[in-house]
Amino acid sequence: MKKIIYVLVCLIIIFTISIGNSSVKSADNENLIQYSIENKIIRFHVIANSDTSFDQALKLKVRDEVLKYINPKLKNSKSIEQSRNILKANDEKIKQIAESVIKSNGYNYSVNTTLSKENFPIKTYGNITLPQGEYEAYRIIIGNGKGQNWWCVMFPPLCFIDINKGEVAYKETESTMKKVLSEEEYNAIDNQKTDKNKDLLNKDKEGELNKEKGAENGDKIIIKFKIVEVFNDIFKK
């Protein structure tokens, strides 16, 4: 009997360690994927002076003029380093464009531009959702920079894809992102697939609810564990 208990304890310990190792490996893999994604893209943020309707509208006007200027220079960039150099070389011109738009609209807000690593919360753009993390970003900060920001991905160049085109834009986004991201990395930010996973999860929950209802109605639910079956066989012998 002591021998059987000893074997049982050993099997439980092995089973627990195995599950723990699997969870750690899964978490480590997710962290590595996120870190890799963070270091392969450059985000673009235009931050409004405040959340008033006037300042928010001004932010979009600055965005439009800046993208009109920088689009031809960035759309054919082949690497993150090339895009980084283009932004640095055109930083003063971009700042001048932003200041001109602000002044022509009757405001005297200052403009600050930076290309740096920043912490960002989770953000969705079209069919991609970037997790919270530290990303390299080119930022245009208008005035106090206390308002909501508009953002997109500058490298690879997603800012120039009209996300309002629906499925066409989704396919173009996927094609563009996969030029720099692996299949696994893209799947991690593809919110279309995330939604499908949620549907599957909801179906699983519905299945569990049906089981509970069956139990409430007096149906007998039998749960079998392989390890129990093994020990039943040992005792029979």
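Annotations for the structure displayed:
- Residues VAL168, VAL153, ordered by accessible area of protein heavy atoms at a 1.4 angstrom probe radius and largest first, appear as VAL168, VAL153.
- The range 84-138 - percent of accessible surface contributed by carbon and sulfur, probe 1.4 Å: 44 percent
- Each of ILE141, LEU87, THR176 was placed along the dipole of the range 86-188 (beta-carbon charges, centred on the mean Cα), and the one lying farthest toward the positive end is ILE141.
- Note on LYS78 and GLN148: with the Förster distance fixed at 30 Å, the Cβ-Cβ geometry gives a FRET efficiency of about 0.40.
- Which listed pairs, of LYS73/LYS146; LYS59/LYS103; LYS75/LYS193, have C-alpha distances above 21 Å, in listed order: LYS73/LYS146; LYS75/LYS193
- Part-to-part distance (alpha-carbon centres) for the range 47-61 and the range 76-116, which is given in Å: 17 Å
- For the range 59-124, the relative contact order comes to 33 percent (Cα pairs under 8 Å, sequence separation of at least 6).
- Separation of the ASP162 and LYS93 label points, Cα + 7 Å toward Cβ, nm: 2.6 nm
- Sequence of ASP190, ASP51, ASP91 when ordered by accessible area, the most exposed leading, probe 1.4 angstrom: ASP51, ASP91, ASP190
- Taking every C-alpha pair closer than 8 Å and separated by at least 6 residues, the mean separation divided by the residue count of the range 123-178 gives a relative contact order of 32 percent.
- Between ILE86 and GLU65, the modelled labels are 2.1 nm apart [label points 7 Å from Cα along Cα→Cβ].
- ASN31 versus THR114: modelled label distance in nm, points set 7 Å from Cα along the beta carbon direction: 2.6 nm
The values are calculated or read from the model by the stated rules, or taken from the named source; none is laboratory data. Computed from a prediction, not measured in an experiment: that's the story for all the values here. A quick note on method: Cβ atoms are made from the backbone with ideal geometry, for glycine too, and the neighbour counts reach across all protein chains shown. Accessible surface is based on the protein model in full, side chains and every heavy atom, while ligands, DNA and RNA are left aside. Shrake-Rupley method; radii C 1.70, N 1.55, O 1.52, S 1.80 Å.
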